[in-house]
Amino acid sequence: MSKKQVTFADIAEYTNFSKTTISRYFNHPDSLTVENQEKISQALDTLGYKKNKLAKVLANGKSEFIGIIVPNLYLHYYSEMLTQFLSSYSDYHYKFLVFASEHGAEEEQQYIEELLSYQIEGLIVLSHTLPSEKLASYQIPVIAIEREAKYISSVNTDNYMGALQATSLLIRDKCDILIHINVNVNKSAPAYDRIRAFQATCEEYHVPYDIDLSVEGDSYHEILNVIREIFNKIEAKYPNQKKGIFLANDTYANMFLNLIFQKYGTFPSTYEIVGFDNSPIASEAILPITTIGQQIDVIVKTAMDLLVQQMEEQKKRVPKPLGEPVHKQIAPVLIRRNTTK
């Protein structure tokens, strides 16, 4: 026969505490003395108590769930970011509910309402759909990563420094023309600094440059078709010049690299490529790609530390709300591989 499940009443009887005190141990342990906490903890071990997490959620509304919203999973940066968050369970003991928001503000609001119905304790947002003022209105801790974050806390890479590193490398390698390929980034987004730094560095060193912000699409194949058009235009416009191509992310860089190999069967000396992110595709490509590493593991740890701190504060009997959003910036790392000298 199965062993009887230990109840609060059993623990109360064993310790000579009331059931209210036992409940306080689980929900507000800081309201008990250390001595009483230790006494109850020892009783749990002796009685063989096993947590009923569903009952705990019903009792105090704390689910140990964190919501994550990403724009998509076909860009390798987002899939690697998600992998790192899911791997953090052993360190933080929070579980994750994930939505990919690809179809506008109304859909994303529905996703957030769904997450709130599961009593999430915090939210991590990488999508750009809803303004931070709207996200702040949900009255739960929210951390933004690489998006506009005026009203909520954020963790970002130093995008300006990363683009400066990439552009400077291509200049040092004596490329005749430098080209930056990106989407039409909103100026409020941290990633806009990649465009600013590229342009400013080229102009500072009087290097010819071009900026193509025509990348768009709702799927990998749609974006690939646009990258192919850009590649063909570059081939026609700069046939005999050494071209330094700085792409907005490693997924775009890998697409561009594959198009070069499809045409030439090798990587010609008339090209150099630098990506951004250091997602796994950069090292796994047909030719390992030089990239600007975002230190995704550091970003995830910083975001989780910041979010957990805010969530733990919310659990106190008299929580102190965050006065101002906290913004953290992580230094990028230039990782030189085979697509540059």
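Return yes or no: is Q199 open to solvent by 30 Å² or more (accessible area, probe 1.4 Å), closer than 22 Å to G162 by Cβ and at pLDDT 95 or above? Full working, then the answer.
Values: open to solvent by 30 Å² or more (accessible area, probe 1.4 Å): yes; closer than 22 Å to G162 by Cβ: yes; at pLDDT 95 or above: yes.
When the stated conditions are applied, Q199 passes them.
So, in the stretch 92-144, exactly how many residues are in contact (Cβ under 8 Å) with a residue 60 or more places away in the chain, open to solvent by less than 30 Å² (accessible area, probe 1.4 Å) and charged (D, E, K, R)?
Adding up the residues that qualify gives 1.
Could you go through the stretch 313-326 and let me know if any residue there is open to solvent by less than 30 Å² (accessible area, probe 1.4 Å), in contact (Cβ under 8 Å) with a residue 12 or more places away in the chain and in contact with a strand residue (DSSP E or B) (Cβ under 7 Å, 6 or more places away or on another chain). Steps first, please.
Let us first name the residues in the stretch 313-326 that are open to solvent by less than 30 Å² (accessible area, probe 1.4 Å), namely none.
No.
Between a residue in the stretch 146-158 that is more than 23 Å from P321 (Cα to Cα) and open to solvent by 20 Å² or more (accessible area, probe 1.4 Å) and any residue that is of a type in the set (A, V, I, L, M) and part of a loop (DSSP other than H, G, I, E, B), which pairs come within a Cβ distance under 9 Å, given they are 6 or more apart or on different chains?
Between residues of the stretch 146-158 that are more than 23 Å from P321 (Cα to Cα) and open to solvent by 20 Å² or more (accessible area, probe 1.4 Å) and residues that are of a type in the set (A, V, I, L, M) and part of a loop (DSSP other than H, G, I, E, B), the close pairs are D158/A331.
Would you pick out the residues in the stretch 59-100 that are within 26 Å of D218 (Cα to Cα) and aromatic (F, W, Y)?
Y74, Y77, Y78, F85, F96, F99
Please tell me if L32 is open to solvent by 60 Å² or more (accessible area, probe 1.4 Å), aliphatic (A, V, I, L, M), at pLDDT 80 or above and touching a Phe, Trp or Tyr at 6+ places or on another chain (Cβ under 8 Å).
For L32, the condition - open to solvent by 60 Å² or more (accessible area, probe 1.4 Å), aliphatic (A, V, I, L, M), at pLDDT 80 or above and touching a Phe, Trp or Tyr at 6+ places or on another chain (Cβ under 8 Å) - is not met.
Please return the ranges of strands (runs of 3 or more DSSP E) entirely within the stretch 237-341 where 3 or more residues are at negative phi, touching a helix residue (DSSP H, G or I) at 6+ places or on another chain (Cβ under 7 Å) and not hydroxyl-bearing (S, T, Y).
Details: elements: 243-247, 271-277, 290-293, 327-330, 333-335.
Qualifying strands (runs of 3 or more DSSP E): 243-247, 271-277.
Check off (1) more than 30 Å from E272 (Cα to Cα); (2) assigned to a loop (DSSP other than H, G, I, E, B) for R147 and give me the number that stays unchecked.
For R147, the exception is condition (1).
Kindly evaluate L170 against the criterion of being in a strand (DSSP E or B), open to solvent by less than 10 Å² (accessible area, probe 1.4 Å) and within 20 Å of R336 (Cβ to Cβ).
No, not satisfied.
Can you tell me which residue is nearest to T290 (Cα to Cα) among those in the stretch 173-193 that are open to solvent by less than 50 Å² (accessible area, probe 1.4 Å) and of a type in the set (D, E, K, R)?
Among residues in the stretch 173-193 that are open to solvent by less than 50 Å² (accessible area, probe 1.4 Å) and of a type in the set (D, E, K, R), the one nearest to T290 (Cα to Cα) is D173.
The values are calculated or read from the model by the stated rules, or taken from the named source; none is laboratory data. What you see is a predicted model; the values in this text were computed from it and never measured. Counting neighbours? That spans all protein chains shown, and the Cβs are built from the backbone with ideal geometry, glycine included. Surface accessibility is based on the protein's heavy atoms, side chains included, excluding ligands, DNA and RNA. Shrake-Rupley method; radii C 1.70, N 1.55, O 1.52, S 1.80 Å.
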